[in-house]
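Presented below is the structure to which this report refers.
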Amino acid sequence: MRVLGLETSSPLGSVALLESGRVVASAQQEAAGSLAERIVPLLHGVLASAGWSPADIERVAVGLGPGSFTGLRVGLALAAGLGVGLGVPVVGVCSLAAIAHSATLPPEVLRVVVLDARRAEVFCGAYDAESSTVVEPRAVSLVEFPRWLAALGEPRALLGQGASLVGAEPGSDHRPLPHAVDVAAIGARLDPAQAPPEPRYVRDAGATPQSLPTAPWSR
Amino acid sequence: MLVLGIETSCDETAAAVVDSDGHVLADVVHSQVALHAPYGGIVPELASRDHLRNLRPVVEAALERASLGIGDIGGIAVTARPGLSGALLVGTGFARGLAYSRGLPVVGVDHLVGHLLAAFLRYDDVASAPPEFPFVALLASGGHTALYRVDGLELSQVQELGATRDDAAGEAFDKVGKLLGLGYPGGPVIDRLAREGDPSAIPLARPMKQSRSLEFSFSGLKTQVMRWVAENGAPKDDQTLRDLCASFQRVVVDSLVKKAVTAATGERVGTLVLAGGVAANSGLRQHAREAAERASLALVVPPLRACTDNAAMIAFAGSTRLARGEDDRFTLETSPHTALLQVTRKGRGRR
């Protein structure tokens, strides 16, 4: 199966093409601010280098975050448009699972992925050797993190660019930010019915309903 | 050419299919009003999330209602500006993906130009006569209030004559609605209450009454209502509330209509066009009709669904460039600001 992977939840946007689990072409782009404008040219370049046309894509796999809200919109909106245009399934892949997928570790080791979430918090989640979710991703404050981590089983390894924020040495044996190559690889084996492209914002929208008193005459 | 329009600039997720003559084949709008109501206004992050959730089903519903497949579409027009940044990214991102995957051209449309050209849309179930160029248009909505001279279908043929210095007209309705405990959005409720009120019951001064300027100002009017409530207390009975709504609405409508007619006569055009969500206001419609007749102007008021945010107007506004073979596929950019030249600088007072 020919899979297009898209990952835009971090400052490193990426696009990858996989065929039967093999990476055919990939490209990445830093600077998240301009990614919305650059993602289609990036995709176009990758398809051209692989000698594919858009119609060759049989599935779109997209990173769901957690990560930048803006980044998620860029990737998920593009994926939805591609899905309608190509008439192929769009599957969502947890972006932290993509990092777990990139690691080479013994199978029994729990992959604990940590990303900087700003505001003195980290996005974290735990995954097994198959990149399946063991602990759902969430935002945890730096203060709470040790307690959250202690509740997880051993042996475990801390992965991801945020590991240094919680006092761990991020190993060099994995990709510290999510990449489309891993998103595509995981997405290739998911059941589309079980993996809808629903973003994992993890945080709420930061709005509080107003407690407007009802005017006595409007009752 | 059949054009698919996509609109996600504010709080409506919309998709439509329109042909080159402005004939609307399908027009689907998913409103977020209920989502934002508890917050007393639009929450941008919630708006963006809701657009992302609903855009795909809305586009699919539009194609289905027109009994078309994506293969029948010749080009895509999407709102690229002005609007909420995150919300615009959803529509343009989707449009980019759809266009690229089908090898279709896609053009970015200025939302305000869409509103100004909405009078050209033709629906199967409503008889309508499109305006003739040149015309003056009053665009009044929750986010914008301005007068334009429109000489043609292109962005370069639209000229702003004056805009609000502070609040948009719809914003003034919303703020007064909130102040009177009528909920959000305030416009429809105030309009309904005003119908049974006496517009001369409560004296409110018309903003910029002495000025011949084509600029508007509504924030002082809102303050007048606030002061009236502070001095007299909240309306004690239903009739006082209706009178207050009627008095407030009369002043807003007066200001809008007087300046619109002044602009149309000043520009020596024969036609005045209403656009934007506030054009749904029954007081504005009636007052504009009377004033246009007195000034011997032809008045064009598009059907309600063409006035409020929709994607059909975006599709039609984009169709001119698409027909010329233009394509923003690799260059589409979004902006919170309009591309139209603005003569009024918001918040700067008298020039």
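Where a number appears in this text, it was derived from the coordinates with a stated rule and is not lab data. Keep in mind the model is a prediction, meaning the values are calculated, not measured. We place every Cβ from the backbone using ideal geometry, glycine too, and count neighbours over all the protein chains shown.
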Legend entry - Helix-only CD estimate at 222 nm, as mean residue ellipticity for chain B, using -39500 (n - 2.57) per DSSP H run (n ≥ 4): -13000 deg cm²/dmol
Inset, instruction - Per residue of B:41-52, count partner chain C-beta atoms within 10 Å of its C-beta, then hand back the mean as an integer. - result: 4
Legend entry - GluC sites (Glu not before Pro) restricted to DSSP loop in the range B:170-264 with at most 15 other C-beta within 10 Å: B:E196
Legend entry - Under-5 Å amide H pairs with B:R165, H placed in peptide plane, nonlocal only: B:F216, B:S217, B:F218
Legend entry - Mean residue ellipticity (222 nm) of chain A, computed from DSSP H runs ≥ 4 via -39,500 (n - 2.57), nearest 500: -8000 deg cm²/dmol
Legend entry - the range A:104-166, Rg to Rh (Cα coordinates; Rh as Kirkwood inverse mean 1/r): 0.95
Legend entry - Between the range B:101-121 and the range B:129-197, the Cα center-to-center distance that results, in Å: 20 Å
Legend entry - Cα-projected label distance for B:T331 with A:E108, points at 7 Å along beta-carbon direction, nm: 6.1 nm
Inset, instruction - Work out the length of the dipole vector of the range A:75-202 about its Cα centre, built from +1 on the beta-carbon of each Lys and Arg and -1 on the beta-carbon of each Asp and Glu, and round it to the nearest 20 debye. - result: 280 debye
Inset, instruction - Calculate the dipole size of the range B:135-301 relative to its Cα centre from +1 charges on Lys and Arg beta carbons and -1 charges on Asp and Glu beta carbons; express the result in debye to the nearest 20. - result: 260 debye
Inset, instruction - Take the cross-link list B:K236/B:K258; B:K209/B:K236; B:K175/B:K346 and give me the ones stretching past 22 Å between alpha-carbons. - result: B:K236/B:K258; B:K209/B:K236
Inset, instruction - Along each of the three principal axes of the Cα atoms of the protein assembly as shown, give the extent in whole Å, ordering the values from largest to smallest. - result: 84, 55, 42
Inset, instruction - Provide the FRET efficiency to the nearest 0.05 for the A:E58-A:E144 pair, computing r from the beta carbons and using R0 = 41 Å. - result: 0.45
Inset, instruction - Would you be so kind as to identify which of B:A99, B:G69, B:G347 lies farthest towards the positive end of the dipole of chain B, taking Lys and Arg as +1 and Asp and Glu as -1 on Cβ and the Cα centre as origin? - result: B:G347
Legend entry - Beta bridge orientation in the range A:104-166: antiparallel %, DSSP, nearest 5: 75 percent
Inset, instruction - Could you check what % of the DSSP bridge pairs in the protein assembly as shown are antiparallel, to the nearest 5? - result: 60 percent
Inset, instruction - Work from the charge dipole of the range B:193-351 (Cβ charges, +1 for Lys and Arg, -1 for Asp and Glu, about the Cα centre) and give the residue of B:G283, B:L272, B:L322 farthest towards its positive end. - result: B:L272
Legend entry - Simple Cβ-charge dipole of the range A:92-143, Lys/Arg +1 and Asp/Glu -1, about Cα centre, in debye nearest 20: 240 debye
Inset, instruction - Please give the average number of partner chain Cβ atoms lying within 10 Å of the Cβ of each residue in B:97-109, rounded to a whole number. - result: 6
Inset, instruction - Hey, for a label at A:Y201 modelled as a point 7 Å past Cα toward Cβ, could you say which residues of the range A:1-35 have their backbone N under 18 Å away? - result: A:8-10
Legend entry - Karplus-derived 3J(HN,Hα), 6.51/-1.76/1.60, for each residue of the range B:262-275, Hz, glycine and proline x: 4, 5, 5, 5, x, 7, 6, 9, x, 10, 10, 10, 9, 8
Inset, instruction - Can you grab the distance from the C-alpha centre of the range A:88-111 to the C-alpha centre of the range B:237-300, Å, no decimals? - result: 60 Å
Legend entry - Of all DSSP beta bridges in the range B:135-301, antiparallel share, percent nearest 5: 60 percent
Legend entry - Amide hydrogen neighbours beyond the local backbone of A:A25, cut-off 5 Å, H modeled: A:L17
